[in-house]
Structure formats: structure tokens, C-alpha cells
Amino acid sequence: MAFRKVLITVVGHVDHGKTTLLDRIRNSSVAEREAGLITQAIGASIVPLETIRRVCGPLLDQIRLDVKLPGILAIDTPGHAAFSNLRKRGGSLADIAIVVVDINEGFMPQTEESIDILKAHKTPFIIAANKIDLIPGWHEHPDLPLFAHIAAQPPNVQEIFERKMYELVGKLSEKFNLNCERFDRVEDYTQQIAIVPIAAKKSYGLPELLVVIIGLAQKFLEKSLNLNVEGPAKGTVLEIKEDKGLGKTLDVIIYDGSLRVNDTIVIGGVEAPIVTKVKALFEPAALSEMREKRTKFVAAKEVSAATGVKISAKDIDNVIAGMPMEAVHDSQTLEKVKSRVQAQVGEVMIETDTTGVVVKAESLGSLEALITLLREKSIPIKKALIGNITKKDINDAHAVAQEDPLLGCVIGFNVDLQQDVQPGSVKILLNNVIYKLIEDLEKWQAESKKRIETSQLDILTRPFKIELLRGYVFRQSNPAVVGISVEAGTVRTGVQVMKADGKPISVVKGIQREKENVDKAERGAQVAVSLPNVIVGRQINEGDILYSYIPEEDFVKLKDFKEFLSEDEKEVLRDIANMMRKDNPVWGI
């Protein structure tokens, strides 16, 4: 048995410094070549032991840490992908995650999304509080180690630094119920999550960050880092690429065992497992990035975990990112491996007969991430599958909408509608940012709920209060036409009116504003209304206050829709209730 490389994933919000952090470890400049300085594809880098020793330098000797691991396999994920394809059976592919947070901006939605998924997968993680060098008033001392550097700052800068650190601690406790502390103050790493302050661009804090990772891995993950090199490889497909001279290839992370040229491999499929043979293997040179176009790849006859490898093979046109892969060293076990691999796919893809939203995603990992976050929000799922949105998806969502209009929608992550598919009345939510999809869904549900409830409210008699204006009697009777001022609520045609005794005396037959007929008049308006069956000077007089007459059953329902009533409507509703309860104390109760 031997140790394999510790598998690290770096996650967090866009532009908080994930790729820059890896660049400084690799001493490369991937981030500067990224579109908009945001990582556009999942990549992996092999960081050998020599690099760790170079970066950490005298710190290793100072704390007497004997590094037994052969290095790190560092995976840099897009800020929007929630490390979408980094999965294996039972959770995340990563041994440890680094959650990068801009100490000046604090936690952003994608940071929270990443922590939610890490917690769901029970993946250990540490926080890298990045960009300490951008704290206002920060003074550069390039030759000083981290804590001496912090101690050399002016007192007001140290105060800001401490405050920002403990804002992170407070947020982690409040939002996620996590016990966190600055790494040098952690008393028990099994109970507390370490926060390491860093400035990735200047390399401050990188030795400390690496030492914490290596120390945690060697102390707590020894069993999972043990490796039987002779065993068949297990891995996850990160990306499918078209490579010049090679055709279609697979970028794969091998997290267990070994893979050889001519090995039979089984890859999970949407409907059935894909079985093929390895034609060629290519490893990226140490410290290079698998996704970089100029990355140098070295042909290999055999690779061992943990590593990133490019696989050339036949019949891989239908392979999808995020799918599990397993090698078969013994032909007699092929059927068992096919069943085992496809079972992993079945654990994620869902089809039920119950109600819920329809979920589609471009890869198995992103589908799983989306399912995880929807379940955390207690949103039921009717089905969750890979691929573009089909007519059947639309039909399924339409059927759900008949039972529950707030769930009758299709959610799509990094997918589109198939050709000739029309959504009709079904709501389609598409995005390539998972947390945005969840936000869009919640917003649509809130708007739909309000629309449904307000449509029910529209059939009820709503409260209003009007004053008959003095000097504006246009006709005394048949019908009476008088000028009014709307004191509260909205006057609508067809609504009965009453005086303070609670008895209806007439109905608003018509409303006229500036000689134009209208259906309603809102608070503050002065209009003319026609009131049949009353005579000015008898039943009504100039200066009278009239109210809408609200049937008791309408009043009871209105109480359920109070959140949709204006403050002045609520006040009039209370006045009307008091009027009606003079004769009937239990009216509307």
C-alpha cells in the first residue's frame, strides 16, 4: 500500500481568486489568460512534493511536519459550476476543499452554494480569506512571513483585519451553524473549520495554507489516501474534447487504482453503460493545467491515482461530463462493473410519479448539485435527467401545473430546448449559474403565488371610503350624481355603498373622471359617481362619508389576503368591522 496524492478542489464565488491561488502555487499565469479573469472550464493540476517544499520552505522545518504525501492533485472549478462534475459514489470527489472568499466582499451567493454542497457531501474544507492586501491602508512587507506581516501593519489596519476575519466567523456560524476560527487559534480541527488569511496575488499565506491542507490530510485522511496501485482505476469524466490529431478525447480524474493502455473501461451512460478500450493515455506535465491549450501532454502506458489523464478511445461520442468511469482488469467482472457504474448514474437521475418540478442539466455532477440545493429548499422534484429539454418534459410539467401551478415548470442548467420544442404555457427557467436558477425559481413561485392570490382577491368586495364633496351635486336623484373624494382604497363600479350604520343604501353605478367614463378611482382622486335609489338631501347629504358594503363572507376571506391590502384599506376594513359589530358582536369572526 502507498499514499496517493491528496485531491483538492478550489471553490467559491467568481473573481474571488481561486485560479490566482493555484497560479501562485504552480508559479504559472492561467488566470491572466482566462476570459474576463473568470475560470471557464474545469481544470486539474498536479502539484508535486518538490513544489510543496519550495512554496512552504522553512515553515515545514519550523513546525516539524514530515510530508509523506507524493503531492496534490488540485482541481480548479468554474465559480458558477458548483464543482459540477467532481463527484464519485457517495459524495464529492475531493478529499479536501478550499473555499476562497474575498475578505473585503465577504460571502456571496456562489460561496454559500459551494458550502451547502460541501456539507451535503460531508467534504472537509478550509476557508482561504483572500485579498488581505486590499484592506484599506495595508502596507507591503514582502520578506516577512504571514503573522509578522500582519503584526507590522498599522494598528487601525490590524483592527480592520480582525473585524473582517470575525465577520467571516460570524457569518459561518449564523448561516451554516459552523464553528470556525483563524487556523493558528483552532483548538480542535475535528470540531472547528480553519480560516487561513492569504493574499494570493502576492503569495502571502500560501505556505500556511498548504501546510494546513497537508497536515489535515495526513492526520485525518490517512485511510482514504491509502492506495492499492494494482487495483482497477476508478474515476470521473471532467470534460469531453476534440483534440487535433487525436479526435474526441476524455479528460478524466483517476481517484483510485491504475489504468493501462488497452484496458477495457466502463463509463456511465444516460440509458446504458458505454464500454470501450483505452487506445492511448496522456498525462499533463507536472504543474501544468489539463484544460490549457498549450499544456504539454506526455504519452503514458500506465497511470495511477490520484491524477488527471487524457484518454483516447473509440465509441465515446455519447459520453457526458460528470459520468463515473471504471476499468476492468478481469473480463469475468465486466457485467458486475457495468451494473455498479450504471447504479451510480441511477442514484442521481430521478423519475417519479409524484408531483414536483422537472429538472434538466448538461452533466451528472451539475444535475446532482442542482438536486441537492432544491432539496435543501424543500422543493419537490418530479424528474431530474441529463440532456436538453424535450416535448415530454414540457408535457410532464404541464400535467404538474394542473395539480400545483407553483411546481409546473422546467428548470434547465446549461441546457436548451430541443429543436421544435415549444414551451406553450409552461414556465421554462434556464441559466448556467446554479444559484441563479434557484433564485429565478423562487422569484417565479412568489410572483405566481401573488398572481393567483390577487386574482382571488379581485372577486371580493374590497374596502374603500369616500366623502361627498360640498357644492358638487350634479343631479339630486334618478340617479343621484355627485362629486366625491376617495379617502381610502379604490372605488369600483358595481359595489354597494353604506353609511356608518352598516346598511347598504345604493350602488356605484358609474364613475366619471374629466367627462370620461372609468371603472375605478384610487385614493386621492376626485370624480363624479352616479348613485341610484337615493336622493341628495334625504338619504345622503353633501359632506357625508360612505363606505363599501362588504358581505360577511368576503370580509372573512379578505383577512386571509391582508398582505395584499394597502395600509389605508386595512384601516377602513377595521372601521367597517367595528360598525358591523355594533349590532352583531361576532360579525366576521
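Bear in mind these aren't lab numbers, they're just calculated from the coordinates by the rules spelled out. If you're wondering where the values come from, they're calculated on a predicted model, not measured in any experiment. When we count neighbours, we look across all protein chains shown, and the Cβ atoms used for this are built from the backbone with ideal geometry, even at glycine.
Observations, loosely collected:
- For segment 465-580: relative contact order, % (alpha-carbon pairs under 8 angstrom, 6 or more apart): 32
- Spherically averaged projected area of segment 234-345 from its Cα convex hull (nm²): 6.4
- Within segment 465-580, the proportion of Cα pairs with more than 26 Å between them is 15 percent.
- Length gained on full extension, K377 to L134, computed as 0.36 nm times the residue gap minus the Cα-Cα distance: 84.0 nm.
- Span-like helix ranges in the chain, DSSP H, alpha carbon extent 27 angstrom or more, Kyte mean at least -1.0: 155-176, 434-457
- D560 versus N533: modelled label distance in nm, points set 7 Å from Cα along the beta carbon direction: 2.9
- In this structure, V421 and N541 have a Cβ-Cβ separation that, at R0 = 56 Å, corresponds to a calculated FRET efficiency of about 0.30.
- The GluC sites (Glu not before Pro) of segment 467-554 that meet both conditions, a loop assignment by DSSP and at most 11 other Cβ atoms within 10 Å of the site Cβ, are E514.
- Once both labels are positioned 7 Å from their Cα atoms along Cα-to-Cβ, the gap between K499 and D66 label points is 10.1 nm.
- Positive minus negative residues near E302 (Lys, Arg vs Asp, Glu; Cβ under 13 Å): -1
- Fully extending the segment from K241 to D583, taken as 0.36 nm per residue of separation minus the present Cα-Cα distance, adds 115.1 nm.
- Bins of 10 Å from zero: percent of alpha-carbon pairs in segment 349-456: 16, 52, 29, 4, 0
- Distance violations [Cα-Cα > 32 Å] among K175/K336; K164/K219; K277/K360: K175/K336
- Pairs from K377/K450; K310/K383; K383/K443; K131/K436 whose Cα-Cα separation, in the structure shown, is over 31 Å: K310/K383
- Taking a sphere under 13 Å around the Cβ of Q496 and counting the other residues whose Cβ falls inside, with K and R at +1 and D and E at -1, yields a net charge of +4.
- Alpha-carbon Debye profile of the chain, log10 I(q)/I(0) at 0.06, 0.08, 0.10 Å⁻¹: -0.48, -0.69, -0.88
- Annotation for segment 195-259: GluC sites (Glu not before Pro) lying in DSSP loop with at most 12 further Cβ atoms inside 10 Å of their Cβ are E230.
- Mean Cα-pair separation over length for the chain, i.e. relative contact order, pairs under 8 Å, 6 or more apart, %: 10
- Selection from G215, A151, L281 lying farthest towards where the dipole of the chain points positive, charges on Cβ: L281
- Centroid-to-centroid separation of segment 300-345 and segment 548-581 [C-alpha atoms, Å]: 67
- When both bridge partners sit in the chain, DSSP labels roughly 65% of those beta bridges antiparallel.
- Each of A299, G412, A397 was placed along the dipole of segment 289-443 (beta-carbon charges, centred on the mean Cα), and the one lying farthest toward the positive end is A299.
- Residue-averaged [θ]222 nm for the chain, counting only DSSP H segments that reach four residues, each worth -39500 (n - 2.57): -9000 deg cm²/dmol
- Those trypsin sites (Lys or Arg not before Pro) in segment 114-205 that DSSP places in a loop and that have at most 15 other beta carbons within 10 Å: K122
- Modelled spin-label separation between E522 and S339, with each label point placed 7 Å from Cα along the Cα-to-Cβ direction: 6.8 nm.
- Neighbourhood charge, 12 Å Cβ-Cβ cut-off, centred on K164 and excluding it, Lys, Arg +1 and Asp, Glu -1: -1
- Taking 17 Å as the cut-off, the amide N atoms of segment 172-198 that come nearer than this to a point 7 Å along the Cα-to-beta-carbon line of H141 belong to 197-198.
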